[in-house]
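The values are calculated or read from the model by the stated rules, or taken from the named source; none is laboratory data. Just so it is clear, the model here is predicted, and its values are computed rather than measured. Cβ placement follows ideal geometry from the backbone for every residue including glycine, while neighbour counts extend to all protein chains displayed.
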Amino acid sequence: MPDLASPFLDIRNITKSFGVVKALLDVSISVTKGEIHTVLGENGAGKSTLMKILTGEFAPDTGYFELEGQRLRATSPAAAHAMGIHMVHQELAVFENMTVAENIFPYHNFKKAGCIDYHRLFQEAREKLGLFGLKTIAPEAPMASISLAGQQMVEILRCIVAEPKVIILDEPTSGLNDHEADMLLEILRHLKATGLTILYISHRFKEIMAISDRISILRDGRFVTTLANDGSVSENDLINNMVGRDLSRSLYQIKTTGNAKSGAPLLQVRGLAKARALNDSSLDLNPGEILGVFGLEGSGTSKLSRMMYGLETSDAGKVIVKGRHISPLTPRRMVAEGVMYLNNNRKVAGLLPELPVTDNFSLPVLQKFSRFLGFLDLPRLGNLATNFVKAFAIALPSLATKPANLSGGNQQKVMLSICLVPEPEILIVNEPTRGIDVGAKTEIHRFLLDIASRGVGIVMFSSELPELMSLADRIQIMRNNSIVGEVKAGDYTEQAIMRYAAVGSDNLAV
Ligand SMILES: Nc1ncnc2c1ncn2[C@@H]1O[C@H](COP(=O)(O)OP(=O)(O)OP(=O)(O)O)[C@@H](O)[C@H]1O
Ligand SMILES: [Mg+2]
């Protein structure tokens, strides 16, 4: 157990505004050596901003911090590195066209006879990867060729090899599945045991409870409290401190009544297949239905979601929208048919970060109505955008703000809103609430149920089983690149579905 009495990193009275937005107001937090200290708060609460002040990316308006009793003010990331403070950002920062080894040691000086000593570089990288149980990642592999989870681990390794005193992880698991997240938590425990101090940001309560020594809560840019995670604190305590109110309805109620309307299916997927990626997969979606698709990483869910929208080619099969066979199957054609797709990874997707939010909102509409471009109803578009900003409580100074200046969770909310602007009849959503705080999650769930009740069909891919069980009318389960079964949420326990997805068994109910 770390010594909680002596502050190691002392954050004192930090205030930071961006124009009219007060991101942080007089925030003080004490961090002890060797602890895992989680910073928790709703989307836009100021977590990332505070961390970026520690790493010298932003200068605070007032306030400072002390590390080992020394008063500091990082003026640049390089200055923070020199002090021993390193951060893994919410958005991945990797060099895609370099090798894994070069990403681990970007500033290496392994030379032999004036040339880069690749042998040594790869050897050292292999050792580091091995240390973290990442033996399947080859140091010679191009960064772009490894999985998102792998890239995330490599980015963490890059910080670790610099032997930091403090490492900051901003939502490191938001792009990872449960298994990968568990692996990362193991690595963090290992690092903590070596005396490293870790500042941690996450919206996933299960892992916060599992990993944190203490938890500091921010609300609207203000410090609320620091709680010791010694068994006396419940998830509810955290939530109440975070949102400043009791959430009226429990987040996950198992769905018992269906919305599905009878009639011709909206969407039919027939025999989609691709060698080594997806086996003969079919599904039907009715108007007003929320169809869940659940599978563990590598089960084929992500391939299926992409192929059914034409984001990836398939060898066989077809997609039929309202009775019409869509050929060729392209995202553009799907948009024109009233089908929208929410990408599962805001780190690489979707938004034009440097254009105003309004322009981002017009993207799918421009595409849908491109033939009538001259008649685009801009005021209506503005209204729609404003309504979504209200409905999802998107923290946004104005519609002219660039997504690049929004908090991570708010970027995700903007992306979901953009999918809804063209008023789709069919919505394919991939991890719709990833990186979204508990309060907003409830709003988004309510919204999806509401549009479904008005006849919109939704295919929902999610790795969060409780989320699927509270929203979906039916859940398709995938394993080994195939759809292996279908359940109604109310009929089975979470454990039974999870086990079926993991190992399969003849009887789902055991
Ligand atoms: N570069 C910037 N320019 C203008 N405003 C910004 C900038 N960075 C952050 N903000 C604003 O500051 C506030 C706090 O944002 P921050 O990114 O710190 O939130 P967060 O707690 O990390 O949220 P999330 O959980 O969504 O990642 C938000 O209102 C955000 O829009
Ligand atoms: Mg953030």
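On the given criteria, is G150 away from ligand 2 (no atom under 16 Å from the Cβ), over 23 Å from the mean Cα position of the chain (by Cα) and either in a strand (DSSP E or B) or in the same structural domain as A93 (by TED's automatic domain parsing) (or both)?
Working: away from ligand 2 (no atom under 16 Å from the Cβ): yes; over 23 Å from the mean Cα position of the chain (by Cα): no; either in a strand (DSSP E or B) or in the same structural domain as A93 (by TED's automatic domain parsing) (or both): yes.
Against the criterion (away from ligand 2 (no atom under 16 Å from the Cβ), over 23 Å from the mean Cα position of the chain (by Cα) and either in a strand (DSSP E or B) or in the same structural domain as A93 (by TED's automatic domain parsing) (or both)), G150 does not qualify.
Take residues that are not assigned by TED's automatic domain parsing to the domain that holds L304 and tell me which of the helices (runs of 4 or more DSSP H) falling wholly in the range 374-482 contain 3 or more. Spell out the reasoning first.
On the way: elements: 378-391, 408-420, 438-453, 465-471.
Here the list reads 378-391, 408-420.
If I ask for residues that are surrounded by 14 or more Cβ atoms within 10 Å (Cβ to Cβ), in contact with a helix residue (DSSP H, G or I) (Cβ under 9 Å, 6 or more places away or on another chain) and in a loop (DSSP other than H, G, I, E, B), which ones from the range 55-71 would you list?
T55, G56, E57, F58, P60 - these are the residues of the range 55-71 that are surrounded by 14 or more Cβ atoms within 10 Å (Cβ to Cβ), in contact with a helix residue (DSSP H, G or I) (Cβ under 9 Å, 6 or more places away or on another chain) and in a loop (DSSP other than H, G, I, E, B).
Among the numbered conditions (1) on the phi > 0 side of the Ramachandran plot; (2) in a loop (DSSP other than H, G, I, E, B); (3) of a type outside the set (V, I, T), tell me where G317 comes up short.
Checking G317 against (1) on the phi > 0 side of the Ramachandran plot; (2) in a loop (DSSP other than H, G, I, E, B); (3) of a type outside the set (V, I, T), the one that fails is (2).
Which of the numbered conditions does S174 fail, given that it passes all the others? Conditions: (1) within 24 Å of K303 (Cα to Cα); (2) of a type in the set (S, T, Y); (3) free of Cβ contacts under 8 Å to residues at least 12 places away in the same chain.
Of everything listed in (1) within 24 Å of K303 (Cα to Cα); (2) of a type in the set (S, T, Y); (3) free of Cβ contacts under 8 Å to residues at least 12 places away in the same chain, S174 misses just condition (3).
For (1) under 22 Å from R219 (Cβ atoms); (2) of a type in the set (G, A, S); (3) more than 15 Å from ligand 2 (Cβ to nearest atom), each residue gets a yes or a no:
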residue: T32; (1), (2), (3): no, no, yes
residue: N43; (1), (2), (3): yes, no, no
residue: A74; (1), (2), (3): no, yes, yes
residue: H81; (1), (2), (3): no, no, yes
residue: H86; (1), (2), (3): no, no, yes
residue: H89; (1), (2), (3): no, no, no
residue: N97; (1), (2), (3): no, no, yes
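Give all pairs with beta carbons closer than 6 Å in which a residue from the range 71-95 that is over 29 Å from P142 (Cα atoms) meets a residue that is surrounded by fewer than 18 Cβ atoms within 10 Å (Cβ to Cβ) and at pLDDT 90 or above; count only pairs at least 6 apart in sequence or on separate chains.
Listed pairs, sorted by first residue: R71/Y64; R73/Y64.
Only one of these is within 19 Å of V269 (Cβ to Cβ), under 23 Å from the mean Cα position of the chain (by Cα) and of a type in the set (V, I, T): I475, I483. Name it.
Only one candidate passes the filter, namely I475.
Restricting to the range 164-185, give me the number of residues that are at pLDDT 90 or above and either out of contact with any helix residue (DSSP H, G or I) (no Cβ under 7 Å at 6 or more places or on another chain) or within 16 Å of ligand 1 (Cβ to nearest atom) (or both).
Here the count works out to 6.
How about the range 72-93: which of its residues are away from ligand 1 (no atom under 16 Å from the Cβ) and surrounded by 19 or more Cβ atoms within 10 Å (Cβ to Cβ)?
If the condition is that a residue be away from ligand 1 (no atom under 16 Å from the Cβ) and surrounded by 19 or more Cβ atoms within 10 Å (Cβ to Cβ), then A74, A80, M83, I85, H86 are the ones that fit.
Which of the residues spanning the range 31-51 are among the basic types (K, R) and more than 23 Å from N241 (Cα to Cα)?
K33
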